[in-house]
């Protein structure tokens, strides 16, 4: 990995019909959590599986929010140890994501994902296949999201709206 500046952004991803749709919510990742939750829309309004919001913060971590059964919000954070970042701390606190800061780091100081690793299971990307992506030590968060987008089939739509 290089020391270059990495992109930050927030997008809403949905699949009305057979085609993916990606909407840019912000070109930075400083949106407040309630704003991101509202961007999900009403539970079930867009069919099943419903839309999700992805936020990439400076390439350091990403967050995914999505409605689950009964309208509850499911959350995934690629590195739950990023507590010094406001959005990461809010996500961990609001969704009760456990963070073991004493044992959370491996030998090269990489953190660990937290929350719902099955957040994309309804789209065909179960936790067993997502885990290697979100734990890859050689990928920035935006690169992880790009891999997820490629795997699910919305990489072109993501690239069209996300700043390079």
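Things to note:
- Model label points for residue 19 and residue 161, set 7 angstrom from Cα along the Cα-to-Cβ axis, are 1.4 nm apart.
- Normalised contact order of segment 9-161, rounded percent, pairs of Cα under 8 Å and 6 or more residues apart: 20
- Per-residue packing, averaged as other Cβ atoms within 10 Å, sorts the ranges 86-92, 127-133 into the order 86-92, 127-133, beginning with the highest.
- Largest-first principal axis extents, alpha carbons of segment 119-161, Å: 28, 26, 12
- Packing rank of 146-155, 5-14, where each peptide gets the mean count of other beta carbons within 10 Å, highest leading: 5-14, 146-155
- The label point for residue 72 and the one for residue 135, both projected 7 Å from the Cα toward the Cβ, are 2.4 nm apart.
- Extents of segment 9-161, taken as max minus min of Cα coordinates on every principal axis and listed largest first, are 44, 29, 28 Å.
- Annotation: for a label point projected 7 angstrom from Cα along Cα→Cβ of residue 6, residues of segment 48-80 with backbone N closer than 13 Å are 55-63, 78-80.
Only the coordinates and a few stated rules stand behind these numbers; no lab work does. Since the structure is predicted, the reported quantities are computational estimates derived from the model, not experimental observations. Heads up, the Cβs are rebuilt from the backbone with ideal geometry, glycines too, and the neighbour counts pull from every protein chain shown.
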